[in-house]
Amino acid sequence: MADTALDIHAIRALLPHRYPMLLVDRVLEIGADAIVAEKLVSVNEPFFPGHFPSRPVYPGVLVLESLAQVAGIWAFSREPEHRGRGVALVGVDHARFRRPVGPGDTLRLEVRIVKRRRDLFIFDGSASVTGEEVAEARLLAAFLDWEGKP
């Protein structure tokens, strides 16, 4: 994998997401077929007061969204000519959650391209904390026009 890192400013230049839905803090590496990034999970996340007040848990659906955003970063960094379009998560298969993620955890997000058909991408993603896998899924993403059409 290439030794390419992206800070939050470069991530914001690639993705349209903003607070509170930007769920990637830095990219550690981008390669021809994979990307590794991190999400620093803070106790100040807006959903923690309700999920769950006595033991805050980073929602599994947001782990999947974090992986999807990392896939989007990979797609836009590899194909800059598509940056005027959107990239959307269009499917999730084989999602598994192994253990909860909470405040103070650094979520390591690894995504690898499996296949591409025109504007549709298939990725395998995994999330881990301190080397322990916490989630995995196959993600389907597509470049879209902003009107929502492929």
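The values are calculated or read from the model by the stated rules, or taken from the named source; none is laboratory data. None of these values were measured; they are calculated from a predicted model. Here Cβ is always computed from backbone atoms with ideal geometry, including for glycine, and neighbour counts include all displayed protein chains.
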Among the residues of the stretch 79-89, is there at least one that is among the basic types (Lys, Arg), touching a residue at least 40 places away in the same chain (Cβ under 8 Å), within 17 Å of Leu22 (Cβ to Cβ) and not in a strand (DSSP E or B)?
yes
In a loop (DSSP other than H, G, I, E, B) and under 20 Å from Glu136 (Cβ atoms), is that true of Val24?
yes
Within the stretch 11-34, considering residues that are surrounded by fewer than 15 Cβ atoms within 10 Å (Cβ to Cβ) and hydrophobic (A, V, I, L, M, F, W, C), the one nearest to Glu79 (Cα to Cα)
Ala32
When the residues of the stretch 35-58 are narrowed to those that are in contact with a helix residue (DSSP H, G or I) (Cβ under 7 Å, 6 or more places away or on another chain) and either at pLDDT below 95 or hydrophobic (A, V, I, L, M, F, W, C) (or both), which ends up surrounded by the fewest Cβ atoms within 10 Å (Cβ to Cβ)?
Ala37
Could you go through the stretch 62-83 and let me know if any residue there is among the charged types (D, E, K, R) and touching a Leu at 6+ places or on another chain (Cβ under 6 Å).
yes
Is it the case that Arg118 is in contact with a Phe, Trp or Tyr (Cβ under 6 Å, 6 or more places away or on another chain) and surrounded by fewer than 19 Cβ atoms within 10 Å (Cβ to Cβ)?
no
For the stretch 132-147: of the residues being in contact (Cβ under 8 Å) with a residue 12 or more places away in the chain and not in a strand (DSSP E or B), which is surrounded by the most Cβ atoms within 10 Å (Cβ to Cβ)?
Asp145
Among Gly102, Gly125, Gly72, which is part of a helix (DSSP H, G or I) and surrounded by 14 or more Cβ atoms within 10 Å (Cβ to Cβ)?
Gly72
Inspect all residues belonging to the stretch 83-98 and state whether any of them is out of contact with any strand residue (DSSP E or B) (no Cβ under 9 Å at 6 or more places or on another chain) and basic (Lys, Arg).
yes
Only unsatisfied item for Leu62, checking (1) free of Cβ contacts under 8 Å to residues at least 60 places away in the same chain; (2) out of contact with any strand residue (DSSP E or B) (no Cβ under 6 Å at 6 or more places or on another chain); (3) part of a loop (DSSP other than H, G, I, E, B), is (3)
